[in-house]
Amino acid sequence: MAVAAVATSPPAGDRLELWLYVVTTAAGLLALLWWAWPHLKATHAERRARWEASEPKAFRDLREACRHGDARDVYRAFSVWRWRIDRATAVVPFAEEIESVLFASAAWSPARSRAFAQGLEAVRRAEHGAPAAAVLPPLNPARAITTG
């Protein structure tokens, strides 16, 4: 005789426990999301504001303006970037160049725009690549003297 396998479903109590577990977990996750969402949004907004006010963002905008080649857009982006760098004395010749285009009707071309961007990139590279001067003396001067 063949015995037929009887398919039994789990007891009703186990299914109820499973559903309670799923519903409680989902409610907890939704509550956590509801609580965390404003904090995540504020953190993202703060990070975005820092990026928008940063020197790298201003320089990226300046490169983009140079790529398009419009002297007015280049001047606006250059002005913003210039205010965000530490030492603006290195870019004075560039300021004079772009101002001569806008205010003295000097010629401006896409090639000149590219050269302007390349010159600024070289200045920026020199600015960021220079090692900072040591402000503090060595921590152990006696050791520096004996080993030096």
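Please work out which one of (1) modelled with pLDDT of 95 or more; (2) within 30 Å of residue 97 (Cβ to Cβ) is the condition residue 28 fails and give its number.
(2)
Provide a single number: the residues in region 43-59 that are of a type outside the set (S, T, N, Q), under 16 Å from residue 124 (Cβ atoms) and either surrounded by 13 or more Cβ atoms within 10 Å (Cβ to Cβ) or touching a residue at least 24 places away in the same chain (Cβ under 8 Å) (or both).
Within region 43-59, residues that are of a type outside the set (S, T, N, Q), under 16 Å from residue 124 (Cβ atoms) and either surrounded by 13 or more Cβ atoms within 10 Å (Cβ to Cβ) or touching a residue at least 24 places away in the same chain (Cβ under 8 Å) (or both) number 4.
Kindly provide the set of residues from region 59-101 that are modelled with pLDDT under 90 and of a type in the set (S, T, N, Q), ordered by number.
Listed by number, the list holds a single entry, 89.
Enumerate the pairs (first residue in region 81-101 and part of a helix (DSSP H, G or I); second residue anywhere and at pLDDT 90 or above and β-branched (Val, Ile, Thr)) with beta-carbon separation below 9 Å, excluding pairs fewer than 6 apart on the same chain, so at least 6 apart or on different chains.
98/74; 101/74
The values are calculated or read from the model by the stated rules, or taken from the named source; none is laboratory data. Here the structure is a predicted model, which is why all the values come from computation and not from measurement. A quick note on method: Cβ atoms are made from the backbone with ideal geometry, for glycine too, and the neighbour counts reach across all protein chains shown.
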